[in-house]
Amino acid sequence: MTAKPRNSTAVVIVSLVLAALVTATVGASAASPRPPRWALRGPYSPTIDPADFVGKIDNPYFPLVPGTAFHFRGTSDGTAQTDDMVVTHLTKRVLGIRCTVVRDTVSEQGKPIERTFDWYAQDKLGNVWYMGEKSLELKNGRFALASDSWQAGVNGGKPGIIMRGNPRPGAVYRQEYYRPGGALDQARVLGRSGSLRVPTGTYKRPLATIEWSPVEPQLEKKWYVAGLGEIMEKIVAGGREQFQLANVTR
């Protein structure tokens, strides 16, 4: 949930690894974290060959079955919000690759305030690639195209990996790359540990990652469960936001 990534009642066991990471990268002020030590720098030019991609997205930690909807609840800066991520039956061709279209809608008091159409594809190694997004934001009561909209292969946009096929602890990767709009998210795999309770249940040893962008300096942690996908995300430095998976419909 770029995308994504939700009223929190869960008890979260934050690992010592995360605490050490935040201490090392944030320093004295949690309001404006410094770039993490693991942040990627320099040129970025992924090699994309349509022959390397498969027809469906079945990565255990990021499965996208058309017709499935993931419903999240939480808060952003103290305001209650919902986030509905729907895997549509629509496809979009990007760089010659057929991508699954996911519609993500953020709402307040039942009214949508943000809507994004994300495009994903999976390669033969199980990596789920983020191929771009059409991002809409509410302006004067109407949805308008946001500046962080981008598409791989257009105006310098380059795809990134939203979830690795083999997410080993310590792995660092770009999730998106579009300098004109500032879409430059990066992620690091923290590993599997502890347990996490959200409205859909209690999960042991979920996979955790942490994300950061140089144009929006904050640290956001996400948790995933094999066979289900993302169950929670939380900004741990540089902001106040948390969302939890409340329901899944198919």
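The values are calculated or read from the model by the stated rules, or taken from the named source; none is laboratory data. Please read all numbers here as calculations on a predicted model, not as lab measurements. A quick note on method: Cβ atoms are made from the backbone with ideal geometry, for glycine too, and the neighbour counts reach across all protein chains shown.
Points to keep in mind about this one:
- Selection status of residue 78, crowded, with 20+ Cβ neighbours inside 10 Å and within 22 Å of residue 239 (Cα to Cα): no
- Residue that is surrounded by the fewest Cβ atoms within 10 Å (Cβ to Cβ), among those in segment 168-188 that are part of a strand (DSSP E or B) and of a type in the set (Lys, Arg): 174
- Of all residues in segment 101-118 being among the polar types (S, T, N, Q) and in a strand (DSSP E or B), the one that is nearest to residue 67 (Cα to Cα): 105
- Number of the exception - residue 124 against (1) crowded, with 16+ Cβ neighbours inside 10 Å; (2) more than 17 Å from the chain's Cα centre (by Cα): (1)
- Restricting 62, 72 to those that are in a loop (DSSP other than H, G, I, E, B), at negative phi and either within 19 Å of the chain's Cα centre (by Cα) or surrounded by 14 or more Cβ atoms within 10 Å (Cβ to Cβ) (or both) reduces the list to 62.
- Selection count, segment 102-148, where residues are touching a helix residue (DSSP H, G or I) at 6+ places or on another chain (Cβ under 7 Å) and at pLDDT 95 or above: 2
- The residue that is nearest to the chain's Cα centre (by Cα), counting only those in segment 179-226 that are closer than 20 Å to residue 169 by Cβ and small (Gly, Ala, Ser), is 187.
- All of (1) out of contact with any Asp or Glu (no Cβ under 8 Å at 6 or more places or on another chain); (2) surrounded by 15 or more Cβ atoms within 10 Å (Cβ to Cβ) hold for residue 96 with one exception: (2).
This table checks each residue for (1) among the acidic types (Asp, Glu); (2) closer than 22 Å to residue 104 by Cβ; (3) surrounded by 17 or more Cβ atoms within 10 Å (Cβ to Cβ); (4) in contact with a Pro (Cβ under 9 Å, 6 or more places away or on another chain).
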| residue | (1), (2), (3), (4) |
| --- | --- |
| 144 | no, yes, no, no |
| 151 | no, yes, yes, no |
| 156 | no, no, no, yes |
| 166 | no, no, no, no |
| 190 | no, no, yes, yes |
| 244 | no, yes, yes, yes |
| 249 | no, yes, no, no |
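- Being in contact with a Leu (Cβ under 8 Å, 6 or more places away or on another chain), at pLDDT 55 or above and loosely packed, with under 15 Cβ neighbours inside 10 Å is a description that does not apply to residue 35.
- Of the listed requirements (1) within 20 Å of residue 99 (Cα to Cα); (2) outside any strand (DSSP E or B), residue 162 misses just one: (2).
Quick grid of which residues meet (1) aromatic (Phe, Trp, Tyr); (2) touching a Ser or Thr at 6+ places or on another chain (Cβ under 6 Å); (3) at pLDDT below 95:
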{"site": "189", "(1), (2), (3)": "no, yes, no"}
{"site": "199", "(1), (2), (3)": "no, no, no"}
{"site": "203", "(1), (2), (3)": "yes, no, no"}
{"site": "210", "(1), (2), (3)": "no, no, no"}
{"site": "215", "(1), (2), (3)": "no, no, yes"}
{"site": "219", "(1), (2), (3)": "no, no, no"}
{"site": "229", "(1), (2), (3)": "no, no, no"}
{"site": "235", "(1), (2), (3)": "no, no, no"}
{"site": "239", "(1), (2), (3)": "no, no, yes"}
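- Odd one out for residue 239 among (1) outside any strand (DSSP E or B); (2) surrounded by 15 or more Cβ atoms within 10 Å (Cβ to Cβ); (3) in contact with a helix residue (DSSP H, G or I) (Cβ under 9 Å, 6 or more places away or on another chain): (3)
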